[in-house]
There are 2 protein chains.
Amino acid sequence: MLDADAYAVRSPDTPFEPLSIERRDPRSNDVVISILFCGVCHSDLHTARSEWGGTRYPCVPGHEIVGRVSAVGGSVTKFKEGDLVGVGCMVDSCQRCEPCREGLEQFCDNGFTGTYNGPAQETGDNTYGGYSSTIVVREEFVLAIRHPEADLAGVAPLLCAGITTWSPLRHWNAGPGKKVGVVGIGGLGHMGVKLARALGAHVVAFTTSPNKVEDAKALGAHEVVVSRNPDEMKIHSGSFDFILNTVAAPHELDPFLALLKRDGTMTLVGVPPEPHPSPSVGLLVMKRKSLAGSLIGGIPETQEMLDFCAEHGILSDIEMIRMQEIDGAYDRMARSDVKYRFVIDMASLAPAAE
Amino acid sequence: MLDADAYAVRSPDTPFEPLSIERRDPRSNDVVISILFCGVCHSDLHTARSEWGGTRYPCVPGHEIVGRVSAVGGSVTKFKEGDLVGVGCMVDSCQRCEPCREGLEQFCDNGFTGTYNGPAQETGDNTYGGYSSTIVVREEFVLAIRHPEADLAGVAPLLCAGITTWSPLRHWNAGPGKKVGVVGIGGLGHMGVKLARALGAHVVAFTTSPNKVEDAKALGAHEVVVSRNPDEMKIHSGSFDFILNTVAAPHELDPFLALLKRDGTMTLVGVPPEPHPSPSVGLLVMKRKSLAGSLIGGIPETQEMLDFCAEHGILSDIEMIRMQEIDGAYDRMARSDVKYRFVIDMASLAPAAE
């Protein structure tokens, strides 16, 4: 087994602490990765604090992982020592079912293995995520990173926030000639704005905060609407091809459904802890609109997104922290006090850095 | 003006009574129709009793109209005296907007004119529907009927119940190799089952009533599920490409959303008087499912449906009534006590018949 340094929580209400963990000896198809940076996703907080239930402790979160290959198994063909690589929300799946064969491993009929809070496919063991010095992942779930190395920290959030917005934007054909809304300008939404803009859509950002208007324009939104202002909303009535709604907090969906044109779709990527108010069936019926959901994205589309971002120079806007600052970062993230993603510099884990 | 006999209500809580109305003198593009049969739709009841608000009195309902052409205007080319024709939920629209040009007049940007409870496009007058001896309708909203004349009464409900289920079944590609659910076995649902079966789909009917199981099989369902039985429901988990939900009463959507496969859609064609319980976002997200709405159908697809039904010998199952029996029929319809559509024999309106 390979020893690794990690940061873990041992219960829902205790702070993070250092933990020595073991990674499996690499199998023939495994890639061993020295983690350089790891993004901090809201799901990390939900899981660490067991807000969704079902957390196995100790819990080592982190599924926005970038690093360098330090070793590969004998049958690995896509990667070699020294390569820059990424790992997202999944580290395994059955690889046999129809969704897996289609490259939609997030919909694996047998359930994908999360990068943390497992269980691992064969052993049922807990999995440990990216708040760690090292991770061992089968080749099929390792992504190639083609960004310049200097940009690496800003690449990390693409592995979850990036793909979670990219996948629905692509699936519902955001692009030239399309008017696309992005609701919520946080970790997910700020990537949604950047990606939709780069895909060629006319992008309208929605925020409840008048003080985020300039920020959203700086991210690339052509227009920004303060969604609490009915007059501003009304101007856009019946005009959107697609709305990507990144807000997980319960909120009224109808004001956004009203902005869709005929055959338009609003897709939710956040699961609210309590239900949203029930959407108006009349709004759906009168113009054949759809309300949909979307879950992260498959491995091939994640690679496609990373390559697109490398080509277009797209990165997440980040605030770098040391591993030891993670509890404070969670508290700030819970208040939406971050522009727009915390990323942990894993060099801070090394003994010399402490 | 043309004199016509009709049955009307004068207020939400008074019974139907005979009323003499006037139809406009035919314009050059108008078709004058002697009405032979008119189906009784639940919308008739909602409107007559002003349950949706906004009813203009006197109110002459009826938008499942079949009859014979008695005269045509000088520029009419598609119809001639003696032709069997139908009129559905719409009698006019702007004919200029994008939806109208696409043949989706139900989504007319300027609002279509309902066959009853108008307002008429230019005059703003109230429109009077099919509980009447005669109607005058512009050629573009008149449908050709190619069924044998003896089947005419069973054709009438195709003009609303038929197209309202046909349009979503076609839009969401019900056909060979697809597993399609139809929720609710009433006026709409019984047509949904017949049409989905004839389109080549594997059809599963859902009913809350164990005593409707055999009826639903007789209509053409390959399988029938009693939706109140969780064990029966569970067998179909994650297996449907498409579910057509015809139930307007508020009900839990989640048990049906759970039956959709990845990328499946459930489409609602009934608007509940009070909201359904809010659908689970988790169910939408986990398999990229959609919840959608659909509204009647456009004129070209209504003609397509009528021709398909003529070719396949598809009719609505009906119970014939005399015009004078309409109040009792409404009471029975409100209790879902009809298999599956009342149709009024308009011969009963003639003085000799009274």
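Quick notes
- Where labels lie 7 Å past Cα in the beta-carbon direction, separation of residue A:252 and residue A:10 in nm: 4.8
- For segment A:85-156, average projected area of the Cα convex hull in nm²: 5.4
- Highest-MSF residue in chain A out of A:118, A:54, A:200 [GNM, Cα springs under 10 Å]: A:54
- Shielding by partners, peptide B:275-282 (average Cβ within 10 angstrom, other chains): 6
- Segment B:1-79-segment A:93-148 distance, computed between alpha-carbon centres (Å): 63
- Taking a ≥ b ≥ c as the square roots of the eigenvalues of the Cα gyration tensor, an a/c ratio below 1.5 marks segment B:42-189 as rounded.
- Among the trypsin sites (Lys or Arg not before Pro) found in segment B:85-157, those both in a DSSP coil and sparsely packed, with 14 or fewer other Cβ atoms within 10 Å of their Cβ, are B:96, B:146.
- Measuring r between the beta carbons of residue A:2 and residue A:325 and using R0 = 35 Å, the FRET efficiency lands at 0.85.
- Alpha-carbon centroids, segment B:282-327 and segment B:232-264: separation in whole Å: 18
- Three semi-axes describe the equivalent ellipsoid of segment A:9-127; taken as square roots of 5 times the Cα gyration tensor eigenvalues and ordered largest first, they are 24, 19, 13 Å.
- For the pair residue A:214 and residue A:80, a Förster radius of 56 Å applied to the C-beta separation gives a FRET efficiency near 0.80, rounded to the nearest 0.05.
- Label zone at residue A:24, where the point sits 7 Å out along the Cα-to-Cβ direction: segment A:122-154 residues whose backbone N lies under 16 Å: A:122-129, A:135-142
- Cβ-vector label at 7 Å, residue B:109, separations to other copies in nm: 4.6
- Extending 7 Å from the Cα toward the beta-carbon at both residue A:339 and residue B:17 defines two label points whose distance is 7.1 nm.
- Peptide B:102-111 has a mean shielding of 2, counted as Cβ atoms of other protein chains within 10 Å of each residue's Cβ.
- Local electrostatic count at residue A:29 - Lys and Arg +1, Asp and Glu -1, tallied over other residues with Cβ under 9 Å: -1
- Once the C-beta distance of residue B:56 and residue B:146 is scaled by a Förster radius of 41 Å, the resulting FRET efficiency is 0.75 to the nearest 0.05.
- Most positive-pole-ward Cα, B:235, B:270, B:201, against dipole of segment B:162-293 from beta carbon charges: B:201
- The calculated P(r) of chain B, using every Cα pair and 10 Å bins from 0, goes 6, 25, 34, 24, 10, 2, 0 in percent.
- Lysine pairs meeting the criterion (Cα under 16 Å, 8 or more apart or interchain), as found in segment B:162-293: 13
- Hydrodynamic radius (Kirkwood) for segment A:162-293, which is based on Cα pairs only, to one decimal in Å: 14.3
- In range of the label at residue B:125: residues from segment B:78-93 whose backbone nitrogen is under 18 Å from the point 7 Å along Cα→Cβ: B:90-93
- Just checking the listed ones, A:30, A:337, A:44: in the Gaussian network model of chain A with Cα springs under 10 Å, the one fluctuating most is A:337.
- Across segment B:87-131, no residue has a backbone nitrogen under 13 Å from the label position 7 Å along the beta-carbon direction of residue B:307.
- Over the Cα atoms of the protein assembly as shown, the radius of gyration divided by the Kirkwood radius equals 1.07; this is the Rg/Rh ratio.
- 10 Å Cβ neighbours from other chains, averaged over peptide A:256-265: 2
- Accessible heavy-atom area order of A:75, B:132, highest first, probe of 1.4 Å: A:75, B:132
- Interface between chains B and A: roughly 2800 Å² of accessible area buried, both sides summed (probe 1.4 Å, protein heavy atoms only).
The values are calculated or read from the model by the stated rules, or taken from the named source; none is laboratory data. Nothing here was measured: the structure is a model prediction, and the numbers come from that model. Here Cβ is always computed from backbone atoms with ideal geometry, including for glycine, and neighbour counts include all displayed protein chains. For accessibility, only protein heavy atoms count, side chains too; no ligands or nucleic acids. Shrake-Rupley method; radii C 1.70, N 1.55, O 1.52, S 1.80 Å.
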